[in-house]
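Just so it is clear, none of the values below were taken in a lab; they were calculated from the coordinates. This one's a predicted model, so the numbers in the text were calculated from it and none came from an experiment. Please note: Cβ atoms are built from the backbone with ideal geometry, for glycine as well, and neighbour counts cover all protein chains shown.
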Number of protein chains: 2
Amino acid sequence: MTIATEGGLLGAGITGFRTPPALTAAALDDYAASYGASVLELDQALAAAPGPADLIDLTHGDTRAFVPPAVAAADFAAAVAENTEAYTAYRGSASLRSAVAPRLARLLGRPVDGASQVIVTPGTQGGLFTALSALISPGDTVALPDPEYFMSERIIAYLGGKALRLPLRQDSKGLLSITRHGLAAAASADLLVLSHPNNPTGGVYTAETVQAIADLVTAGEMLAVVDQLYCRLIFAGTKYLHLSSLPGMAERTVTLLGPSKTESMSGYRVGVAVGPAPIVDAMERVLSLTSLRTGGYSQQVLRHWMADDDTWLAERTAAHEAIRDDLVARLRAIRGVSVAPPAGSSYVFPDASGTAAGSNDHDLALALKDAGVLVSPGYQFGPSGRGRFRINFSQDAGRLAVALDRMETVLRG
Amino acid sequence: MTIATEGGLLGAGITGFRTPPALTAAALDDYAASYGASVLELDQALAAAPGPADLIDLTHGDTRAFVPPAVAAADFAAAVAENTEAYTAYRGSASLRSAVAPRLARLLGRPVDGASQVIVTPGTQGGLFTALSALISPGDTVALPDPEYFMSERIIAYLGGKALRLPLRQDSKGLLSITRHGLAAAASADLLVLSHPNNPTGGVYTAETVQAIADLVTAGEMLAVVDQLYCRLIFAGTKYLHLSSLPGMAERTVTLLGPSKTESMSGYRVGVAVGPAPIVDAMERVLSLTSLRTGGYSQQVLRHWMADDDTWLAERTAAHEAIRDDLVARLRAIRGVSVAPPAGSSYVFPDASGTAAGSNDHDLALALKDAGVLVSPGYQFGPSGRGRFRINFSQDAGRLAVALDRMETVLRG
């Protein structure tokens with residue numbers, strides 16, 4: 001594998017330009033020990049690799065297969081017509097935050113004050129960057145699960161933090177746990193960052209692990225950032241526990257939410273974060289620097305978010321559960337592939353290391369792209385991603401079936 | 001004036017939370033020598049100060065007085081209905097960048113390659129943060145005019161850069177100059193950042209100064225970031241020269257553009273940056289961390305941006321020129337107030353230091369707010385802002401007249 005060096009890619013043609021050290025750190029050079037290249041270089045090689053014209057992209061959900069609620073477009077159009085909130089407070093429209101707060105409180109099972117504890121963010125990723133920028137000082141130790149959402153370690157490195165990985169175990173029902181012994185390694189960390197349900201596995205943490213995390217955070221006077229983007233898409237038989245609902249945790253937790261996934265409102269680029277007032281103040285200061293505010297009209301698509309949508313949510317969840325069941329069965333039928341069923345979200349993270357094609361997940365992703373399927377290779381999510389890949393299964397059934405045929409061909413070798 | 005200290009504001013109620021040093025730097029503590037408080041604390045005091053229920057906000061344009069082109073809402077609605085670009089490349093939709101590139105080339109007077117030299121940003125402020133983050137390493141010296149857009153010095157400080165201010169001179173036609181002697185102070189800088197037209201004065205740089213800036217940048221192998229958000233709103237008799245059109249400058253300049261001001265499309269939160277390919281690559285990496293991408297639907301409001309709108313633009317410019325003339329005449333009629341007429345943009349930056357109320361621009365802004373007018377105090381734009389304040393005059397004529405009555409009462413003392 002030949003990958004252009006960063007200097008070659010970025011330094012070409014102009015003098016006087018040096019990549020800032022923060023951006024260099026975000027390339028995650030240490031993955032070169034296992035893969036021969038940084039995460040950035042691996043990603044660039046995958047992006048540059050050829051694929052067929054009818055490439056099926058499974059790295060994100062298909063917002064035409066599962067469309068946003070119709071009220072979102074109507075709310076946006078109303079905001080444009082009213083045109084009274086093109087400019088809002090940096091943290092978002094006051095009336096909107098006030099309207100959404102009771103729904104956030106109901107979801108999270110704890111009081112939420114819209115004025116002081118809620119900030120509207122440019123997507124949930126924007127919330128993640130804003131929260132981590134408000135919390136991480138250079139040299140801080142930041143604990144995060146392995147595997148974990150692909151941008152978390154990059155942002156931690158960008159901010160000068162040191163990532164400490166906590167290995168996860170996922171059981172046959174899709175439930176995730178970290179042992180108290182495993183968590184003890186994070187006792188001296190400054191911050192804990194995790195997605196729940198976990199991205200990329202779709203795992204939901206056991207109540208015991210959520211409690212152990214809360215105990216760790218409160219005992220160590222740490223803080224926690226929990227990305228709950230998928231916390232409403234939980235499959236039958238699974239109990240979901242909100243971290244900030246545990247005693248002492250509302251004061252120590254930033255919870256990231258948004259309508260980009262379950263509600264397919266990705267194109268509006270809006271999210272919401274709930275946290276202690278002093279941290280929300282600091283997040284607002286970060287947001288004012290990065291982009292002033294979330295788009296004024298886009299904020300208004302939250303007007304009906306999580307309002308009286310129980311029936312809609314039940315249908316959407318059932319549809320994804322049915323896809324999950326078929327998908328897991330088909331993947332398990334491929335010799336050398338193992339997979340835990342996700343307990344929530346629309347992600348699955350199969351392990352193909354038992355196949356001839358699957359020992360190196362970067363090479364596997366290149367082979368799958370060549371065969372017409374784009375997946376997210378395991379290295380993106382952490383060292384435990386070796387030999388694995390992520391699929392977002394919020395897809396059109398016919399296209400997903402074609403993608404699976406292509407994947408089978410590659411994996412059966 | 002009593003202002004809560006940062007520790008008091010941010011540390012209340014939780015332990016284990018420390019403001020990261022980058023965010024502390026962005027508070028601009030050194031302004032305390034002149035004002036007794038950091039820029040952040042001054043801003044917070046102004047935000048917390050009481051004002052009447054019918055406060056007239058002149059800190060930004062009124063998007064109901066000057067509405068966005070109707071095609072913007074139609075383009076957004078079409079993007080929602082098509083729903084094919086909720087997820088785009090981080091740098092923005094490839095087809096959109098390709099469509100906009102010839103218009104950018106015509107505007108800037110130089111070739112523009114949509115694939116490699118264009119990135120869509122979350123507003124023009126998002127473009128500014130993204131560009132500076134891609135270019136500034138800690139310890140870098142960054143030259144910027146005094147006065148300059150209020151967020152520039154904060155972002156430079158956030159990134160660990162050292163700001164070097166270059167004093168401006170504005171003549172009676174609104175034209176701005178920096179002497180070659182003044183520019184020589186920036187000869188060892190790593191980067192030059194400026195808005196053109198200048199925010200807050202509305203000044204347009206003379207051709208001689210633009211050429212001197214280009215000479216400085218090319219001779220020193222420096223780079224330049226020029227915020228041209230208002231470069232299409234230029235008043236009669238003024239010649240505007242695009243920095244990146246000068247020999248050797250396309251390779252050294254990031255130009256920030258967008259429809260948020262002249263086109264009033266602020267609520268969509270979209271901008272465009274044009275720069276050398278290696279810098280656009282680095283900007284894309286920053287953007288992927290901060291928010292992944294600009295909202296997929298919002299990107300599509302650029303479909304008809306700057307396309308066949310000469311008549312529309314001429315009308316909008318004439319309307320703002322008429323407001324400018326009235327406004328400047330009224331301000332000049334107040335004893336102790338002096339003001340240069342803006343040559344472009346919708347900003348004016350009067351000097352009230354000759355009035356009893358105006359020696360301290362922070363106190364003046366508090367008094368104006370109490371009287372029912374919100375302005376942007378001079379300190380926000382740099383040390384030369386002492387005794388000055390910024391008005392955005394893209395306003396409803398009747399409301400602006402009422403605001404002027406209120407301002408007169410305060411300034412006549």
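Overview of values
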{"quantity": "Ranked by how many other beta carbons lie within 10 Å on average, peptides B:283-296, A:111-124, B:86-99 from highest", "calculated": "B:283-296, A:111-124, B:86-99"}
{"quantity": "Distant-in-sequence amide H partners of B:D146 (H built 1.01 Å from N, under 5 Å)", "calculated": "B:L166, B:L168"}
{"quantity": "In Hz, Karplus ³J(HN,Hα) per residue of region A:287-300 (6.51, -1.76, 1.60; θ = phi - 60°; x = Gly, Pro)", "calculated": "4, 4, 7, 6, 7, 6, 7, 5, x, x, 6, 4, 3, 6"}
{"quantity": "Average other protein chain Cβ within 10 Å of Cβ, residues B:267-280", "calculated": "4"}
{"quantity": "Rough spin-label spacing in nm, given labels placed 7 Å along Cα→Cβ, for B:S338 and B:E408", "calculated": "2.3"}
{"quantity": "Distant-in-sequence amide H partners of A:G258 (H built 1.01 Å from N, under 5 Å)", "calculated": "A:V272"}
{"quantity": "Along principal axes, Cα extents of region A:146-226, largest first, whole Å", "calculated": "37, 28, 17"}
{"quantity": "Taking B:I56, B:I213 and counting other C-beta atoms within 10 Å, the order from fewest to most", "calculated": "B:I56, B:I213"}
{"quantity": "Where only C-alpha atoms are counted, convex hull volume of region B:264-303 per residue in Å³", "calculated": "80"}
{"quantity": "Bins of 10 Å from zero: percent of alpha-carbon pairs in region A:234-314", "calculated": "14, 38, 37, 11, 0"}
{"quantity": "Cα-based Rg of region A:81-153 normalised by 2.2 N^0.38 Å, two decimals", "calculated": "1.38"}
{"quantity": "Alpha carbon centroid spacing (whole Å) that separates region A:267-327 from region A:146-185", "calculated": "23"}
{"quantity": "Label point 7 Å beyond Cα along the C-beta direction, distances from A:D396 to other copies (nm, shortest first)", "calculated": "4.7"}
{"quantity": "Per-residue HN-Hα couplings for region A:382-399 [Karplus 6.51, -1.76, 1.60; θ = phi - 60°; Hz; x = Gly/Pro]", "calculated": "x, x, 6, x, 3, x, 10, 8, 9, 10, 8, 9, 7, 9, 4, 4, x, 5"}
{"quantity": "Pairwise FRET efficiency - B:D363 versus B:K162, Cβ, R0 = 41 Å, nearest 0.05", "calculated": "0.90"}
{"quantity": "Approximate shape of region B:38-99 as ellipsoid semi-axes (Cα gyration tensor, √5λ), whole Å, largest first", "calculated": "38, 19, 11"}
{"quantity": "Inter-copy separations for A:P247, label at 7 Å along Cα-Cβ, nm, ascending", "calculated": "7.7"}
{"quantity": "Karplus (6.51, -1.76, 1.60) ³J(HN,Hα), θ = phi - 60°, over region B:43-51, in Hz, Gly and Pro reported as x", "calculated": "4, 5, 5, 5, 5, 7, 5, x, x"}
{"quantity": "Other-chain or far-sequence residues with amide H under 5 Å of B:I56's (modelled H)", "calculated": "B:V373, B:L374"}
{"quantity": "Taking only Cα atoms of region B:31-149, radius of gyration then Dmax in Å", "calculated": "20.3, 56"}
{"quantity": "Debye log10 I(q)/I(0) at q = 0.06, 0.08 Å⁻¹ for the protein assembly as shown, Cα point scatterers", "calculated": "-0.37, -0.67"}
{"quantity": "In nm, spacing of pseudo-spin labels at B:S95 and B:A187 (7 Å Cα→C-beta vector)", "calculated": "5.3"}
{"quantity": "Convex hull (Cα only) mean projected area of region B:363-408, reported in nm² to one decimal", "calculated": "3.2"}
{"quantity": "Square roots of 5 times each gyration tensor eigenvalue, C-alpha, region B:273-389, largest first, Å", "calculated": "37, 22, 13"}
{"quantity": "Rg and Dmax [Cα atoms of chain A; Å; Rg one decimal, Dmax integer]", "calculated": "21.0, 60"}
{"quantity": "Inter-probe distance in nm under a simple model that places probes 7 Å from Cα toward Cβ, at B:A307 and B:D113", "calculated": "2.4"}
